[in-house]
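J.: Following this message is one structure expressed as structure tokens.
What follows draws every value from the coordinates through simple rules; no lab data is involved. Please read these numbers as outputs of a predicted model, since none were measured by experiment. Backbone-built Cβ (ideal geometry, glycine too); neighbour counts: all protein chains shown.
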Amino acid sequence: MELDIRNLTKTFGSTAALHGVDLKVASGELLALLGPSGSGKTTLLRCVAGLEIPSGGQILFGGEDASFKSVQERNIGFVFQHYALFKHLTIADNISYGLRVRPRRTRPTAAAIRNKVEELLALIQLPEYGGRYPSQLSGGQRQRVALARALAVEPRVLLLDEPFGALDAKVRKELRVWLREFHDRTGHTTLFVTHDQEEALDLADRVIVMSNGKIEQEGSPEDIYDRPATPFVFDFIGESVRLDIHVDKGRPFVGQQEVSIPRLPPLLFDGPAKLYVRPEHVAFRRDGEGLWATVVSLHRSGSSRRIGFRADGTEMIIEALTPADREPPRIGDRAALEIRAAGLFSGTA
Amino acid sequence: MTLYAPFVKPSVLPGFRLTIIFTILYLTMIVLLPLGALLFRASSLGVHELVVLALDGRTLSALRLSFVTSFAAAAFNVPFGLLIAWVLVRYDFPGRRFFDAIIDLPFALPTAVAGIALTALYAPKGWIGSIATIFGLKIAYTPIGVFLALVFVGLPFIVRTVQPVLAEVDRELEEAAATLGAGRLRTIASVVLPVLSPAILTGFALAFARAVGEYGSVIFIAGNIPYVSEIAPLLIVIKLEEFDYAGATAVAAFMLAVSFATLLLINLIQARARTRYGHV
């Protein structure tokens, strides 16, 4: 089921949580809504679910306007960060809840419900757990049960709100791999909210980066990481240092030195600008052409080494990442830096 | 090395022995001793005499009135107390704090004051009583009056036990039920009420226990007509005034037994629920 969100706005009192969000989700797509807290990603998800009433805009499910439909009518599957399992019901009764509350006309027979529960328990790899209570399961198991419960009603769209947020790091990673395989097998149109960029980039077909109630950038995980479209995305995704530079006659300068940056679009402005550089895109040599700088810090972490350079004639620090087994320079050494890729944005803020 | 009784888990945080000794002494002096004296007194009567005294027609109807109206009043308070707790917890409206505060008044008011006020309202010439009379309904001086007084004193028990638990109910549970297609009433019945049920049961037990022992607020509105609107605690007082200590003891022992059995049953139901759902 494809999803079409048009100019969606939501205000809580006087604060706006969403400013006119437009988003199309293709059928069967696994989409991540990524952003810091307060970016509006959860509000967007809850509006799609019908758990929040939008202040404006439209939400279409498969071309049909669902903006004014109740939660119950939308037929979505929602998974909460803290599972929200019914702790007075067994796992089997939790999973079958959505089927059992249907009016008699559309309710499956008891035998059909039992079969469905068996099938879902097998799908989430907890076949023997039907008779237990949620309090007897681990966090990861509970979240899988919550997913099975959401899937039991055969939802048109699956919505996951920080599904791994309450789990520890190891279980998180396992469940992430499991969810990707699960999605490839079942093919539900899925939206999931996360503030964890690694999770979003690792798991999703497409990533929507949000901040302050707006979409900053949407694209494949590679687009988002390799070609951040805005300063916010550069800051938020991956690591980068920000350099305050200036552009003179279309050429960028760090202090008094001109820097050459490959694949940069022509600069059509002069004046102050910001340059975002990822440490893995900085190479250094002891001689030759480049941005001359002095080594000011060395830091070993695991398999790599982080080297801090101060650009000549400035106080700006540029970081480079090199393999730990490469012979490191010494503090005070001079080197020519080559910046292989960077983002450049006009202005100072 | 200190030796511990087998049921004591050794702990680096001391305090078990001091607190357990205090608990046992305190409960013995405050609760068990008076009740023990009562049972001792009753046992000196002999089983046969006890049964004869308790099965006396007037005693039996007083006991029946006390337990039936107490049960009915506590049961009546469950849905309405629940509704009040719901409104106080879930909604914000002008005057909420005021209404929240007056819930406790039946606790605080001297029961005799409550009884006189209720009688003034519900007596055939009172504000509400005179209206009820038009419809041929007599409230004061009948079991209905007893029931009303017990509803009055029992309400805070339900509201105050349910309120904190309801405030802790995770709204996500209700949202989850809604996303699965459950309507509002269905959600409340299948998701919220089970979570509240231990608190409701506790509130019911407290309201029931209070009602069985209630005296001051009831005797004014009840009219105390033997065989009709005479409650068991009043009968005990009457028997004492007539120096019929044996009779008073028999009624008291009987009330004690029924009350204890009821509370024990409610506790057992709760213990079962607790082991099943983890904490609740």
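J.: Restricting things to alpha carbons, tell me how big region B:46-276 is in terms of Rg and Dmax, in Å.
T.: 20.4, 68
J.: How large is the dipole of the protein assembly as shown about the Cα centre if only Lys and Arg carry +1 and Asp and Glu carry -1, each at its Cβ, rounded to the nearest 20 debye?
T.: 1500
J.: Still on this model: Across every pair of different alpha-carbon atoms, what Kirkwood hydrodynamic radius in Å does the protein assembly as shown reach?
T.: Values: mean 1/r = 0.0320 Å⁻¹.
The answer is 31.2 Å.
J.: May I ask for the distance between the Cα centers of region A:188-222 and region B:198-225, given as a whole number of Å?
T.: The distance from the Cα centre of region A:188-222 to that of region B:198-225 comes to 60 Å.
J.: Same structure again: When ranked by the protection proxy of mean other Cβ atoms within 10 Å per residue, highest first, what sequence do the peptides B:221-230, A:149-158 form?
T.: Ranking, from highest mean packing down: A:149-158, B:221-230.
J.: Based on the alpha carbons, how large is the Rg to Rh ratio for region A:1-114 when Rh follows Kirkwood? Spell out each step's value before the answer.
T.: On the way: Rg = 16.5 Å, Rh = 16.1 Å.
On the Cα set of region A:1-114, Rg over Rh gives 1.03.
J.: For region A:239-346, what does the relative contact order come out to in percent, with C-alpha contacts under 8 Å and a separation of six or more?
T.: It rounds to 34 percent for region A:239-346.
J.: Can I ask one more? When Cβ neighbours within 10 Å are restricted to other protein chains, what is their mean count per residue of peptide A:67-79?
T.: Details: counts 0, 0, 0, 4, 7, 10, 1, 3, 3, 3, 2, 6, 2.
Across the residues of A:67-79, the mean count of other-chain Cβ atoms within 10 Å is 3.
J.: Beyond 25 Å between alpha-carbons counts as too far, so tell me which of A:LYS41/A:LYS173; A:LYS249/A:LYS274; A:LYS69/A:LYS173 fall in that bin.
T.: A:LYS69/A:LYS173
J.: Would region A:239-346 count as rounded, prolate or oblate if I go by the C-alpha gyration tensor, calling it rounded below 1.5 in a/c and otherwise prolate when a/b exceeds b/c, oblate otherwise?
T.: prolate
J.: Okay, next question. Extension gain A:ALA229-A:PHE68, at 0.36 nm per residue separation less the Cα-Cα distance, in nm?
T.: Result: 54.5 nm gained on full extension.
J.: Using 7 Å Cα-to-Cβ label points, what is the A:GLU119/B:GLU242 separation (nm, one decimal)?
T.: So the two model labels end up 7.5 nm from each other.
J.: Quick one: which residues, 5+ away or cross-chain, put their amide H under 5 Å from the amide H of A:ALA17? H built at 1.01 Å from N.
T.: Amide H neighbours of A:ALA17, under 5 Å, 5+ apart: A:LYS10, A:THR11, A:PHE12.
J.: First check a/c for region B:1-155, with a ≥ b ≥ c the square roots of the eigenvalues of its C-alpha gyration tensor; if it is under 1.5, answer rounded, and if not, answer prolate when a/b is larger than b/c or oblate otherwise.
T.: Values: a/c = 3.18, a/b = 1.38, b/c = 2.31.
Note, shape of region B:1-155 comes out oblate.
J.: Quick one, what does Rg over Rh come out to for chain A if you take C-alpha atoms and the Kirkwood Rh? All intermediate terms of the calculation are to be shown ahead of the outcome.
T.: Working: Rg = 25.1 Å, Rh = 23.1 Å.
That ratio is 1.09, to two decimals.
J.: Give me the net charge of A:GLY57's neighbourhood, meaning all other residues with Cβ under 9 Å from the Cβ of A:GLY57; Lys, Arg count +1, Asp, Glu -1. Don't jump to the answer; show the numbers that get you there.
T.: Details: positive: A:ARG6, A:LYS10; negative: A:ASP22.
Net of charged neighbours comes to +1.
J.: Expected output is a single nm value to one decimal: the length gained when fully extending between A:SER135 and A:ARG263, i.e. 0.36 nm times separation in residues minus the C-alpha distance. What is it?
T.: Using 0.36 nm per residue and subtracting the Cα-Cα distance, I get 40.5 nm.
J.: Next question. If packing is taken as the average count of other Cβ atoms within 10 Å, what order do A:83-91, B:23-31 fall into, highest mean first? Could you put the intermediate results ahead of the total?
T.: Numbers: A:83-91: 22.3, B:23-31: 10.3.
In descending order of packing, they fall as A:83-91, B:23-31.
J.: Could you work out the mean count of beta carbons from other protein chains within 10 Å of each residue's beta carbon in A:145-154?
T.: 1
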